[in-house]
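Working notes, structure below.
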Amino acid sequence: MKLQQLRYIWEVTRHNLNVSATAQSLFTSQPGISKQIRLLEDELGVEIFARSGKHLTRVTPAGQAIIELAGRVLRLTENIKEVAQEHSDERRGSLSIATTHTQARYALPPVIRDFTRKYPDVALHMQQGTPKQIAQMVSDGQADFAIATESLELFNDLVLLPCYRWNRCVLVPRDHPLAQLESLTLEALAAHPLVTYVFGFTGRSQLDDAFRAHGLSPNVVLTAADADVIKTYVRLGMGVGIVAHMAVDPEQDTDLVALDAGHLFESSTTKIGIRRGTFMRSYMYDFLQRFASHLDRDLVDAAMTAGPRHEQGLFEGIALPVR
């Protein structure tokens, strides 16, 4: 059994059993990958993949268990490399962050700016997607940190670190009737067409829950994953925007009025998800504390060594910052 063979079966699974695409991503040949998979199956005495002719059609039950173990072995191999790198040069390496548009556009820029100034030799990579996609990236080892509000709880192999709480605001043009109200209500919002986040993004579930609890049916006419897109359609007059408060830019959004909606909706919590068993480099601890000052090394280590989901008890006495 070779480490290369384990990497091949892991990567083939990630590429939806497409050996050709796997070969391209690994800069090797398709016949070479197929041969090594066959050799591994012969050595183990079981089929990892079912086939139809030359094509892989599905992962067998035995193959599923083998691939999961192969993933653990590959992650441990990466940890060995990280340990060596940490001791040879603690300020050199790479950090991959998977996050949503709102975090990348509004929450992360000052953190990224200061981090890259201190660690110019750390290659920083940012990937964007839905909350579920970015959690999957970290679970699969394609990224180090997942930063999001939704869906991270769906993955039991992620350690979840609460970072900060936030709420929503309502965006309208300056001459909009809602801008003239002394106190914003859900009933007043429900009387207008709404433009807000796609379900599963940026605390959208709390918004729906609030209307439902009051027996109201919001008229959502357009949804988007991107706060800037929402603002664009508010400016076109399509409806009233509901966005994360942090997504309001005081310099660029001067044509819009931001109405506080914190009294209408439950606050949401943004978290960082890290795959359990990840070897934490010194600069990774530094990044975490820059993003959320309460995430010091001792607290992060305690969360990483806690059992699945038991890390949440470590944060019960901590008042999270509000953004």
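The values are calculated or read from the model by the stated rules, or taken from the named source; none is laboratory data. Since this is a predicted model, take the numbers as computed values, not measurements. FYI the Cβ positions are ideal-geometry reconstructions off the backbone, even for glycines, and counts take in every protein chain you see. Heads up: the accessible areas ignore ligands, DNA and RNA and are worked out on the full protein's heavy atoms, side chains in. Shrake-Rupley method; radii C 1.70, N 1.55, O 1.52, S 1.80 Å.
Check each of the GluC sites (Glu not before Pro) in region 161-257 and keep only those in coil by DSSP with at most 13 other C-beta atoms within 10 angstrom; list them in order. List each step's numbers first, then the result.
On the way: sites: E182, E187, E251; in loops: E182, E251.
Hits after loop and neighbour filter: E182, E251.
At R0 = 45 Å, how high is the FRET efficiency between K54 and R309 if r is their beta carbon distance? Nearest 0.05 is fine. Working shown, then result.
Details: r = 43 Å, r/R0 = 0.96.
In this case the efficiency is close to 0.55.
Need the full-extension length gain, R290 to R174, defined as separation in residues times 0.36 nm minus the C-alpha distance. One decimal, nm. Mind dumping the intermediate values first?
Details: separation 116, 0.36 × 116 = 41.76 nm, distance 3.59 nm.
Length difference between fully extended and current span is 38.2 nm.
Over region 3-85, what percent of the accessible surface lies on carbon and sulfur atoms, probe 1.4 Å? Mind showing how you got there, number by number?
Working: 2660 of 4860 Å².
Looking at region 3-85 in its full context, I get 55 percent from C and S.
Give me the dipole magnitude in Debye, nearest 20, for region 1-148 about the Cα centre, with unit charges on the beta carbon: positive for Lys and Arg, negative for Asp and Glu. Let's see the in-between values first.
Values: 18 positive and 15 negative charges, 80 e Å.
Charge dipole of region 1-148: 380 debye, to the nearest 20.
Note the full-extension length gain between T254 and E153 as 0.36 nm times their separation in residues minus their Cα-Cα distance, in nm to one decimal. Please list the in-between numbers first.
On the way: separation 101, 0.36 × 101 = 36.36 nm, distance 3.67 nm.
Full-extension gain reported as 32.7 nm.
Ranking request for peptides 24-37, 276-289: highest mean number of other beta-carbon atoms within 10 Å first, then the rest in descending order. Please list the in-between numbers first.
On the way: 24-37: 14.6, 276-289: 18.2.
Top of the packing list down: 276-289, 24-37.
Points 7 angstrom from Cα along the Cβ direction at L3 and A62: gap in nanometres?
A separation of 2.6 nm, rounded to one decimal place.
Of the options A21, T185, P218, report the single residue whose Cα projects farthest towards the positive end of the charge dipole of the chain (beta-carbon charges: Lys, Arg +1; Asp, Glu -1).
With unit charges placed on the Cβ atoms, the residue in question is A21.
Just the accessible area per residue of the chain, please: how many Å² with a 1.4 Å probe? It would help to have the intermediate numbers written out before the result.
Numbers: 15690 Å² over 323 residues.
So the chain comes to 49 Å² accessible per residue, rounded to a whole number.
Taking a threshold of 31 Å on the Cα-Cα distance, which of the pairs K54/K81; K2/K118; K118/K231; K35/K81 fall above it?
Values: K54/K81 35 Å; K2/K118 39 Å; K118/K231 34 Å; K35/K81 27 Å.
From K54/K81; K2/K118; K118/K231; K35/K81, over 31 Å: K54/K81; K2/K118; K118/K231.
Just the number, please: Stokes-Einstein D of region 233-323 in µm²/s, Kirkwood Rh from C-alpha pairs, 25 °C, 0.890 mPa s.
Numbers: Rh = 16.4 Å.
Stokes-Einstein gives a translational diffusion coefficient of 149 µm²/s.
So how far apart, in nm, are the two label points at D121 and S217 if each is 7 Å from Cα heading toward Cβ?
Calculated label separation equals 6.3 nm.
State the label only: which of (1) 29, 55, 16, 1; (2) 34, 58, 8, 0; (3) 27, 48, 23, 2 corresponds to P(r) over Cα pairs in 20 Å bins from 0, in percent computed from the shown model?
Among (1) 29, 55, 16, 1; (2) 34, 58, 8, 0; (3) 27, 48, 23, 2, the one calculated here is (3).
Work out the FRET efficiency for Y233 and L76 from their Cβ-Cβ distance, taking R0 = 51 Å, and round it to the nearest 0.05. Write out the running numbers ahead of the final one.
Values: r = 48 Å, r/R0 = 0.93.
In this case the efficiency is close to 0.60.
Quick one: putting +1 on the C-beta of Lys and Arg, -1 on the C-beta of Asp and Glu, what dipole do you get for region 168-260 around its Cα centre, in Debye to the nearest 20?
Details: 6 positive and 12 negative charges, 54 e Å.
For region 168-260, the charge dipole is close to 260 debye.
In nm, to one decimal, how far is the T269 label point from the L26 one, both placed 7 Å along Cα→Cβ?
Result: 4.0 nm between the two label points.
How much length is gained on full extension from E43 to R113, taking 0.36 nm per residue of separation minus their Cα-Cα distance? It would help to have the intermediate numbers written out before the result.
Values: separation 70, 0.36 × 70 = 25.20 nm, distance 5.02 nm.
Roughly 20.2 nm would be gained on extension.
If R0 is 45 Å, what FRET efficiency do you get for A190 and S96 from their C-beta distance, rounded to 0.05? Numbers along the way, then the final one.
On the way: r = 41 Å, r/R0 = 0.92.
It comes out at approximately 0.60.
Considering only DSSP states other than H, G, I, E and B, which GluC sites (Glu not before Pro) in region 70-125 qualify as loop sites with at most 15 other Cβ atoms within 10 Å?
Filter output for region 70-125: E90.
Tell me the Rg and the Dmax, in Å, that the Cα atoms of region 3-85 produce.
Answer for region 3-85, Rg first and Dmax second: 12.9, 44 Å.
Would you compute the Debye intensity of region 168-260 from its alpha-carbon atoms alone, equal scatterers and no solvent, and pass along log10 I(q)/I(0) at q = 0.12, 0.15, 0.23 Å⁻¹ to two decimals?
-0.32, -0.51, -1.27
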